[in-house]
Amino acid sequence: MVQPKELQSKLAELHSDSYAWAIRCCAGDRHMAEEVLQDSYLKVLRKIKAFKGQASFKTWLFAIIRYTAIDHIKAKAKRKIVQVEHLTSSSFTTNHPTIETVSPEQLQPIFRKALDELSPQQRQILHLVFYQACSIKEAAEVMDIQLGTARTHYERGKSRLRQLLDKQELLKQKLL
């Protein structure tokens, strides 16, 4: 069983990673991620006695964050008022930068855009493995999916991300 002081230090130690995971689970919405993280911490305080140590504390915490984010997203969708916007012809034009004109500061948004084109499961598994240093097994536990399914999302996500980034390279070659 985790003692209160130990719980406080574990949460403090994992706060940065937890916030990054909450942002990913909330599709980049930082305000919602803050709400999710706060609610998740309250759930951890209420459910700490249920933590049996079968998974690591980080895995257990990340699963709580994920499910809390799902609840917030569902609640937001129910409250959302659908607004119809008038489309203009300018909304159909896109101005993608070419690779040769991309600065290092501009690479991150291009990478994020490519990540956003992946399925939610692929984005989540890649985030857990690359940014949170989870194993695929731990990521599967956080996402509450089978290990084989997690491996499939991981491999397909990497492959699709590679294709999307290669597409940017093809754009560069065509413009030369």
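The values are calculated or read from the model by the stated rules, or taken from the named source; none is laboratory data. The structure displayed is predicted, hence computed values, not measured ones. For neighbour counting, all protein chains shown are included, and Cβ atoms are generated from backbone atoms with ideal geometry for every residue, glycine included.
Of note:
- Among the candidates Arg160, Arg112, Arg123, residue that is out of contact with any helix residue (DSSP H, G or I) (no Cβ under 6 Å at 6 or more places or on another chain) and at pLDDT 80 or above: Arg160
- Of the residues making up region 11-27, those that are buried (at least 17 other Cβ atoms within 10 Å of the Cβ) and charged (D, E, K, R) number 2.
- The lone exception for Ala27 - which of (1) in a helix (DSSP H, G or I); (2) under 22 Å from Arg123 (Cα atoms) it fails: (1)
Condition check ((1) hydrophobic (A, V, I, L, M, F, W, C); (2) at pLDDT below 90; (3) under 30 Å from Glu6 (Cβ atoms)) across all residues:
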site: Val44; (1), (2), (3): yes, no, yes
site: Phe51; (1), (2), (3): yes, yes, yes
site: Thr68; (1), (2), (3): no, no, yes
site: Ala77; (1), (2), (3): yes, yes, no
site: Gln83; (1), (2), (3): no, yes, no
site: His86; (1), (2), (3): no, yes, no
site: Ser90; (1), (2), (3): no, yes, no
site: Pro97; (1), (2), (3): no, yes, no
site: Glu105; (1), (2), (3): no, yes, no
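- Residues that are in a loop (DSSP other than H, G, I, E, B) and buried (at least 16 other Cβ atoms within 10 Å of the Cβ) were ranked within region 30-69; the one that is farthest from the chain's Cα centre (by Cα) is Phe51.
- The C-beta contact set for region 145-158 (first residue touching a residue at least 12 places away in the same chain (Cβ under 8 Å) and in the same structural domain as Arg66 (by TED's automatic domain parsing), second residue of a type in the set (Asp, Glu) and part of a helix (DSSP H, G or I), distance under 7 angstrom, 6+ apart or interchain) is empty.
- Restricting region 1-24 to residues that are among the polar types (S, T, N, Q) and part of a helix (DSSP H, G or I), the residue that is farthest from His72 (Cα to Cα): Ser9
- Among (1) touching a residue at least 24 places away in the same chain (Cβ under 8 Å); (2) under 26 Å from Phe51 (Cβ atoms); (3) within 15 Å of the chain's Cα centre (by Cα), the one test that Ala139 misses: (1)
- Listed by first and then second residue, the pairs linking a residue in region 24-50 that is assigned by TED's automatic domain parsing to the domain that holds Pro120 to a residue that is among the small types (Gly, Ala, Ser) and surrounded by 17 or more Cβ atoms within 10 Å (Cβ to Cβ), with Cβ atoms under 6 Å apart and 6 or more places separating them unless they lie on different chains, form an empty list.
- Of all the criteria given as (1) outside the structural domain of Ala150 (by TED's automatic domain parsing); (2) modelled with pLDDT under 85; (3) under 24 Å from the mean Cα position of the chain (by Cα); (4) on the phi > 0 side of the Ramachandran plot, the one not satisfied by Ala133 is (1).
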